[in-house]
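The values are calculated or read from the model by the stated rules, or taken from the named source; none is laboratory data. These figures come from a predicted structure and were not determined experimentally. Ideal geometry is used to build each Cβ from the backbone, glycine not excepted, and the neighbour counts take in all protein chains shown. Note: areas computed on protein heavy atoms with side chains; ligands, DNA, RNA excluded. Shrake-Rupley method; radii C 1.70, N 1.55, O 1.52, S 1.80 Å.
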Amino acid sequence: MSDIADRVKKIVVEHLGVEAEKVTENANFIDDLGADSLDTVELVMAFEEEFNVEIPDDAAETIQTVGDAIKFLEKNSA
Amino acid sequence: MRRVVVTGLGMVTPLGSGVDITWRRLIEGQSGAARVEAFDVSDLPCRIACSIPLGNAGEGAFDADAYVEPKEQRKVDPFIVYAMAASAQALDDADWHPTSYEDQAATGVLIGSGIGGIGGIYDASVTLFEKGPRRISPFFIPGRIINLASGQVSIAHGLKGPNHAVVTACSTGAHAVGDAARLIALGDADVMLAGGAESPINRLSLAGFAACRALSTGFNDRPQQASRPYDRDRDGFVMGEGAGILVLEEYEHAKARGARIYAEVVGYGLSGDAYHITSPSPDGDGAFRCMSAAVKRAGIAPAEIDYINAHGTSTPLGDELELKAVERLLGEAEGVSMSSTKSATGHLLGAAGAIEAIFSVLAIRDQIVPPTLNLDNPSVETAIDLVPHEAKRRKVDVVLSNSFGFGGTNASLILRRVA
């Protein structure tokens, strides 16, 4: 598992208050991890802060699973 | 109009989490005041407050995790957490947990706050300044605005009746109880969770209230002596935090389900001073008309009042004006006791009227009136028993509770023993 994947999963566990085992790459924030639309906005903000990137709104809308976030950040973070 | 009774109580106060511990300590004459340790107060004129005992602070300490998940606490200001905790306690106490659609729709929430999430607004302002708008959380607004106490409580318990909030400074809690009682009396709901919540203890609030010259500044080295209503050495109020919530219920509804009835809400009066933004009207007329309206609504004679839970914040001006207005109301009436429980709890602002309504209910239940602490030398002579230092056992059938707020907004409640 990449360093980025570890950091993403840690943020998801902290923000959504879910158990680490549930945070698989296929897990959907809303359907599987109990997030609502505001939670996902805050998650994206937390990713931006942690990885020092800006995630535009149209890109944020495509980040629906843990794997989506990892892929985006692997491609776009320095 | 339909009769309204009190069937459940819940509170989180500087004297502890829960009605029993708070009431016991209040009757014992304990004070909740201490030097503020949670943040730097070295440059503030007032360095003391009545804070809620947290975590491992011993018996009565408030464990927020028992009421609200940690990840949800993070999203809201503490006044919402206090409101949710006190509401859960009150619903348990009333044994009212509606599950049918009809019962849920007949149960509403009316919780107010004087200021709401001022701590979180301050923090977000700093974030905006330092990091820009993209770092403002989506939970910033819904975690700070005042009616989200009522909103969160309704969501947590499935209460689908009227969902409302009051914002009238230090009269908020009393207005919330009075307005909720009216909603039941008029048939808009059968049960209401009503009260107030406040979390004002931070640098910004202390600086702001100190600038209004409202806070005690001369007792920083003796915090427990600072709140001293009616005493000649009083010099301002001591800020407190917490929440008080009452379950109000239509009388027949309560009887039909065999609920324990603490007392009846028989009187509610409101008035405006139309005088000044922070100072009470010097003739005390607003307070007098407010109490008179409550007495008229209750259909009682002023002489029937046994105990008055005073607004009595320990400010130089306010205490004596209230006392004069009470003397005007009572005339030659003798035998009333009047105390300010803010001498022990501090001033919980928007929650004050609610916790004091609860104390009024408990005075009726236990036939005892709580003391006015630190009243060593009354600043004026009065025939009224101000209950200095120690609680007093006595007949308590009818209680008047006063609340007066910035803007000249006044509320009085009258509660009566149900035979």
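Gyration tensor over the Cα atoms of the protein assembly as shown: the corresponding equivalent ellipsoid has semi-axes (square roots of 5 times the eigenvalues, largest first) of 44, 26, 18 Å. Among B:235, B:20, B:366, the largest mean-square fluctuation in a Gaussian network model of chain B (Cα springs under 10 Å) belongs to B:366. At q = 0.22 Å⁻¹ the log10 of I(q)/I(0) for the stretch B:177-261 amounts to -0.99, computed by Debye summation with a single uniform scatterer per C-alpha, solvent ignored.
Note on residue B:324: lysines with a C-alpha under 25 Å away, same-chain residues under 8 apart excluded, are B:296, B:342, B:392, B:395. Sites listed here are trypsin sites (Lys or Arg not before Pro) in the stretch B:237-299 whose DSSP assignment is loop and whose Cβ has at most 16 other Cβ atoms within 10 Å: B:257, B:260. Within the stretch A:28-56, the residues that become at least 10 Å² less accessible when every protein chain is included than when their own chain is isolated (1.4 Å probe; DNA, RNA and ligands ignored) are A:38, A:39, A:41, A:42, A:45, A:48, A:49, A:54.
In percent, rounded to a whole number, the relative contact order of chain A is 36, using alpha-carbon pairs under 8 Å and six or more apart.
When only DSSP loop residues count, what GluC sites (Glu not before Pro) in the stretch B:331-419 have their Cβ near at most 16 other Cβ atoms within 10 Å?
Loop-located and lightly packed - B:332, B:334, B:381, B:390.
Choose one answer from B:278, B:315, B:168: the residue with the largest mean-square fluctuation in a GNM of chain B with alpha-carbon springs under 10 Å. Answer for the Gaussian network model of chain B: B:278.
For the stretch B:68-110, the fraction of C-alpha pairs farther apart than 17 angstrom is 44 percent. Distance between the C-alpha centres of the stretch B:81-106 and the stretch B:1-73: 20 Å, rounded to the whole angstrom.
Among rounded, prolate and oblate, which fits the stretch B:261-394 when a ≥ b ≥ c are the square roots of the eigenvalues of its C-alpha gyration tensor, a/c under 1.5 means rounded, and a/b larger than b/c means prolate? Judged from the Cα gyration tensor, the stretch B:261-394 comes out rounded (a/c under 1.5). Taking 7 Å steps out from each Cα toward its Cβ at residue A:37 and residue A:19 produces label points 3.1 nm apart.
Net charge dipole, the protein assembly as shown: roughly 1440 debye, given to the nearest 20, about the Cα centre with Cβ charges of +1 for Lys and Arg and -1 for Asp and Glu. Beta bridges assigned by DSSP with both partners in the stretch B:142-266 are antiparallel in approximately 90 percent of cases.
Distance from the Cα centroid of the stretch B:171-195 to that of the stretch A:1-69 is 42 Å (rounded to whole angstrom). With all projection directions averaged, the alpha carbon convex hull of the stretch B:132-242 covers 10.6 nm². Taking only the C-alpha atoms of the stretch B:198-333, Rg followed by Dmax gives 18.2, 54 Å.
Pop out the carbon and sulfur fraction of the accessible area of the stretch B:1-110 as a percent, whole number, probe 1.4 Å.
48
A loss of 40 Å² or more of accessible area (1.4 Å probe, protein heavy atoms, ligands and nucleic acids excluded) relative to the isolated chain is seen in these residues of the stretch B:138-166: B:138, B:139.
Taken over the alpha carbons of the stretch B:118-179 as equal point scatterers, the Debye sum produces base-10 log I(q)/I(0) values at 0.19, 0.24 Å⁻¹ of -0.82, -0.99. Determine the shape class of the stretch B:1-152: with a ≥ b ≥ c the square roots of the Cα gyration tensor eigenvalues, call it rounded for a/c under 1.5, and otherwise prolate if a/b is greater than b/c, oblate otherwise. Here the stretch B:1-152 falls in the oblate category. Computed extension length for residue B:301-residue B:100: 68.2 nm, one decimal, from 0.36 nm per residue of separation with the Cα-Cα distance subtracted.
Please state the shape class of the stretch B:320-374: rounded when a/c is under 1.5, otherwise prolate if a/b exceeds b/c and oblate if not, all from the C-alpha gyration tensor. Here the stretch B:320-374 falls in the oblate category. The value of relative contact order for the stretch B:279-419, using C-alpha pairs under 8 Å at least six residues apart, is 31 percent.
Can you give the FRET efficiency to the nearest 0.05 for residue B:256 and residue B:20, using r as the Cβ-Cβ distance and R₀ = 30 Å?
Step by step, r from the Cβ atoms, then E = 0.65.
Report in % the part of the accessible area of the stretch B:129-280 that belongs to carbon and sulfur, leaving out ligands and nucleic acids; probe 1.4 Å. In the stretch B:129-280, the share of accessible area belonging to carbon and sulfur is 54 percent. In this entry, chain A is assigned a mean projected area of 4.5 nm², taken as a quarter of its C-alpha convex hull surface. Taking chain B as a Gaussian network of alpha-carbon nodes connected by springs under 10 Å, the highest mean-square fluctuation of the residues B:135, B:328, B:182 belongs to B:135. Pairs of Cα atoms nearer than 8 Å and 6+ residues apart set the relative contact order; for chain B it is 23 percent. Protein heavy-atom accessible surface, 1.4 Å probe, per residue over chain A: 57 Å².
Using a probe of 1.4 angstrom and keeping all protein chains present, the accessible surface of chain B works out to 38 square angstrom per residue. If you take the alpha carbon atoms of chain B and fit the smallest convex hull around them, that volume is 132 Å³ per residue.
Accessible surface buried at the A:B interface totals approximately 1100 Å², computed with a 1.4 Å probe on protein heavy atoms.
Of the trypsin sites (Lys or Arg not before Pro) in the stretch B:348-419, the ones in a loop by DSSP (not H, G, I, E or B) with at most 16 other beta carbons within 10 Å are B:394, B:395.
Accessible-area loss of 40 Å² or more (1.4 Å probe, protein heavy atoms, chain alone versus all protein chains) is found in the stretch B:48-96 for B:71, B:74. Here residue B:251 sits with roughly 40 square angstrom of accessible surface, probe radius 1.4 Å.
Count the DSSP beta bridges whose two residues both fall in chain B, then state the antiparallel fraction as a percent rounded to the nearest 5.
On the way: 42 of 62 bridges.
DSSP beta bridges in chain B are roughly 70 percent antiparallel.
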